[in-house]
Amino acid sequence: MELVISVLDANDNAPQFTQPVYKVQLPENAVEGTLVALLNATDPDEGLNDVGANAQLSYTLSPTEHFRLDLQKSNERNIVPDLVLTKALDRESLPVHRLVLTASDGGRPSLTSTMELVVSVLDANDNAPQFNQSVYKVQLPENAVEGTLVTLLNATDPDEGINSEVTYTATNFIPRSGRDVIAVNPKTGEIRLTGSLDFEEVSIYDFRIEARDKGWPPLSGHCSVELEVLDVNDNAPEVWVTSLSVPVPEDAAVGTVVALLSVSDRDSGANGRVRCAVWPAAPFGLVSTFAGSYSLVLREALDRERVSEYEVEAVYTVLVRENNAAGAELARLWARDPDEADNGRVRYSIRGLEEVSSLCGGIERFEEEEWELFSKDVSVLDAKGVVDM
């Protein structure tokens with residue numbers, strides 16, 4: 001007699017994964033529906049030819065909006081789960097997704113096992129560099145020296161690696177001459193002066209800065225920079241004798257115009273305002289005809305037998321700080337002589353001060369206490385005589 005003993009399976013084994021942690025990398029720009037991983041577990045309770053309830057496995061995934069399980073039958077006995085992408089990824093928001101996959105058998109009570117899924121998101125160059133403000137406004141005095149820092153820009157790119165490396169370029173200069181006086185460091189974003197500013201030539205420079213990353217394809221961000229040049233009192237007043245009527249008849253009426261003068265200063269605001277006077281005050285005076293123009297007129301009747309000749313000085317005030325550099329121009333005068341050739345050539349001298357250009361009339365340097373008032377007389381000499389200013 002043959003005795004056959006059948007051993008009934010007891011659900012004494014939980015499902016098993018091949019590893020406790022499963023790691024996978026996924027590009028940030030992977031499209032929805034991408035297969036992320038093939039997963040499965042086994043249960044030792046399963047038989048050779050049949051799968052009882054104790055070995056029938058089901059799978060669940062921890063809550064996530066980016067992934068789902070796609071259950072597939074590998075054969076008549078087993079179901080395997082595929083991990084599928086259901087929503088676009090954003091590495092900058094969440095660079096690593098940690099999920100839990102649970103396998104449960106069909107026994108009673110059911111036994112379970114878990115495996116951690118770690119999905120690392122690989123960066124894609126999907127972010128352009130961004131400045132912390134769209135417009136930078138900067139002010140610099142026109143005497144700022146070459147190399148002066150205009151401003152420091154900073155553009156950030158939330159991507160990583162080479163995709164986050166940024167280079168800077170200055171473009172779209174208005175006026176175009178700005179490219180000769182302003183430059184940006186392509187690596188640091190420092191903007192510095194590479195030339196001289198001149199308020200009287202250009203008072204505002206507008207330009208744009210491009211920050212471009214090194215990803216592929218490269219992405220770029222932009223900002224605008226407005227550099228306002230502030231006026232400095234670096235221009236001396238200028239005086240022109242535009243008309244001169246000499247000699248003057250003794251019987252000339254009071255109010256007769258002897259000369260016309262034009263005064264200007266290229267600086268702006270208070271730096272460009274000029275005060276004019278005539279010395280000595282009698283018998284002449286200045287009458288302002290309109291801005292920057294004056295008439296030298298008779299204030300009193302002339303008497304040739306009492307005074308036959310007057311030295312009239314046009315006086316104006318120049319504010320000068322002490323310790324100006326040697327050769328710094330303080331004022332500029334012009335005298336015109338209608339005679340021809342050598343008779344029309346004039347030379348300048350200054351009473352009580354040696355440092356004056358005899359050809360151009362430029363007064364160069366004071367070394368006096370700041371803002372103290374001094375009076376100096378400038379004379380103009382032609383080939384035949386002296387005409388005082």
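So here's what we get for this one:
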{"read-out": "Largest-first ordering by accessible area, 1.4 Å probe, given options 115, 1", "value": "1, 115"}
{"read-out": "Sites residue 42 and residue 64, calculated FRET efficiency, Cβ-Cβ separation with R0 25 Å, nearest 0.05", "value": "0.50"}
{"read-out": "Per residue, the convex hull volume that the Cα atoms of region 16-122 enclose (Å³)", "value": "89"}
{"read-out": "Total formal charge among the other residues, if their Cβ is under 11 angstrom from that of residue 99, Lys/Arg +1 and Asp/Glu -1", "value": "+1"}
{"read-out": "Residues whose placed amide H lies under 5 Å from that of residue 267, excluding near-sequence neighbours", "value": "235"}
{"read-out": "Residue 201-residue 145 pseudo-label distance in nm [points 7 Å out on the Cα-to-Cβ vector]", "value": "2.0"}
{"read-out": "Cα gyration tensor category, rounded, prolate or oblate, for region 130-230 with a/c compared to 1.5", "value": "prolate"}
{"read-out": "Residues whose placed amide H lies under 5 Å from that of residue 258, excluding near-sequence neighbours", "value": "296, 297, 298"}
{"read-out": "Protection proxy ranking of 96-104, 303-311 - average other beta-carbon atoms within 10 Å, highest first", "value": "96-104, 303-311"}
{"read-out": "Positive minus negative residues near residue 206 (Lys, Arg vs Asp, Glu; Cβ under 13 Å)", "value": "+2"}
{"read-out": "Charge tally in the Cβ shell below 14 Å around residue 288, where Lys, Arg are +1 and Asp, Glu are -1, residue 288 excluded", "value": "+2"}
{"read-out": "At R0 = 41 Å, FRET efficiency that the Cβ-Cβ distance of residue 271 and residue 94 yields, to 0.05", "value": "0.10"}
{"read-out": "Solvent-accessible area of residue 156 with every protein chain in place, 1.4 Å probe, in Å² to the nearest 10", "value": "80"}
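The values are calculated or read from the model by the stated rules, or taken from the named source; none is laboratory data. The model shown is predicted, which means the values in this text are computed figures rather than measured ones. In this analysis, Cβ positions are derived from the backbone assuming ideal geometry, glycine residues included, and neighbour counts consider all displayed protein chains. Just the protein is used for accessible areas: all its heavy atoms, side chains included, with ligands, DNA and RNA removed. Shrake-Rupley method; radii C 1.70, N 1.55, O 1.52, S 1.80 Å.
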